[in-house]
Amino acid sequence: MVIRIGADVLVVAEHLEGRLAPSTAELVAVGRELAGPSAGIVKAALLGPNVGGLADILVGLGVEVLHVDDVALAEYTGDGYHLGVRTLVEQTNPRVVLVAHTSQGYDLAPALAGAMGLALVTNCVGLRAEGDRLVATRRLLNEKVQAEVELSSELPIVATLRPGSVTPAGAAPGGKVTPTLLSIETGRIRTKFL
């Protein structure tokens with residue numbers, strides 16, 4: 001990735017039943033490492049209604065929380081989250097979008113990258129900026145081979161990080177919540193919860 005002033009990182013916060021997934025703090029830790037050299041900031045996309053307590057936890061990690069409070073995002077659906085995150089990527093233009101390599105991440109990251117024509121690297125155990133490139137460490141062939149993949153793009157790069165592969169971020173100052181209004185067309189969400 002081209003290191004430039006303001007190279008922000010967007011972390012997609014994953015949550016279920018009122019709790020943040022532990023992988024979210026891991027994404028924040030990697031986001032700090034990637035954004036730091038360029039004086040960028042880490043932003044966390046927090047989608048869904050009634051998640052103010054989760055926003056406070058993310059603020060305690062020192063990130064700007066882009067809170068999208070929309071009932072259409074009350075439950076994870078691939079369509080709803082894709083629409084929400086895509087709009088945030090278009091609005092914020094991050095250098096990297098970090099998603100946990102979980103069942104939600106398997107669904108969201110490729111859909112987002114494919115729809116927007118973005119580079120995608122999955123199942124990473126490490127990420128670092130090196131010059132104008134993003135270097136992703138991945139394990140292949142049933143964990144027998146470790147490879148480093150270099151990506152360079154003027155567009156955002158989408159990366160999924162394997163949960164448990166890095167130390168979670170600790171508390172940090174400077175976090176804030178930015179209420180973010182998006183228009184999620186419920187007719188475009190094909191999955192319905194009854």
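The values are calculated or read from the model by the stated rules, or taken from the named source; none is laboratory data. In this text the structure is predicted, and so the values were computed from the model without any measurement. Neighbour counts are summed over all protein chains in view; Cβ atoms, including those assigned to glycine, are modelled from backbone coordinates with ideal geometry. All accessible areas refer to the heavy atoms of the entire protein, side chains included, with ligands and DNA or RNA removed. Shrake-Rupley method; radii C 1.70, N 1.55, O 1.52, S 1.80 Å.
Could you order TYR76, TYR106, TYR81 so the one with the most accessible surface comes first? Probe is 1.4 Å. Provide the component values of the computation, followed by the final result.
Details: TYR76 55, TYR106 130, TYR81 10 Å².
Correct descending sequence by accessible area is TYR106, TYR76, TYR81.
Could you look at the chain and say what percent of its accessible area is carbon and sulfur, using a 1.4 Å probe and all protein chains? Numbers along the way, then the final one.
Values: 4770 of 9030 Å².
Its accessible area is 53 percent carbon and sulfur atoms.
Would you mind getting the accessible area per residue of segment 26-85, heavy atoms of the protein chains only, 1.4 Å probe, in Å²? Before the final figure, lay out the partial values.
On the way: 1880 Å² over 60 residues.
Using a 1.4 Å probe on heavy atoms only, each residue of segment 26-85 averages 31 Å².
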Cα lying deepest toward the dipole's positive end in the chain, options PRO179, GLY60, ALA119, charges on Cβ:
ALA119
Provide the per-residue ³J(HN,Hα) series for segment 119-127, in order, calculated from phi with Karplus coefficients 6.51, -1.76, 1.60 and θ = phi - 60°, each as a whole number of Hz, with x at glycine and proline positions.
5, 9, 9, 10, 6, 7, 10, x, 9
Could you give the angle, 0 to 90 degrees to the nearest 10, between helix 103-116's Cα long axis and the longest principal axis of the Cα atoms of the chain?
80
Expressed per residue, the solvent accessible area of segment 100-158 in Å² (1.4 Å probe) is about 49
Max mean-square fluctuation residue, GNM over the chain, Cα-Cα springs under 10 Å, options VAL99, VAL125, VAL65:
VAL125
Extension gain SER103-VAL125, at 0.36 nm per residue separation less the Cα-Cα distance, in nm?
6.3 nm
On a full-extension model of 0.36 nm per residue, what is the gain between THR137 and LEU118, subtracting their alpha-carbon distance, rounded to one decimal in nm?
5.0 nm
Where trypsin sites (Lys or Arg not before Pro) in DSSP loops with at most 10 other Cβ within 10 Å are excluded, longest remaining stretch of the chain:
1-143
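If you average the sequence gap of Cα pairs under 8 Å that are 6 or more apart and divide by the length of the chain, what percent do you get for the contact order? Numbers along the way, then the final one.
Working: 429 pairs, mean separation 58.6, N = 194.
Relative contact order of the chain: 30 percent.
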Restricting to the chain, compute how many DSSP beta bridges are antiparallel as a %, nearest 5.
40
Pairing the Cα long axis of helix 78-92 with the longest principal axis of the chain, what angle in degrees results, from 0 to 90 and rounded to the nearest 10?
70
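Grab the alpha carbons of the chain, take their convex hull, and tell me the volume per residue in Å³. Intermediate results must be reported in sequence, preceding the final value.
Numbers: hull volume 22.2 nm³, N = 194.
So the per-residue Cα hull volume is 115 Å³.
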Exposure of ASP132 as accessible area (Å², to 10), given a probe of 1.4 Å and all protein chains:
70
At 222 nm, what value in deg cm²/dmol follows for the chain if DSSP H runs of at least 4 each add -39500 (n - 2.57) and the sum is divided by all its residues, to the nearest 500?
-8500 deg cm²/dmol
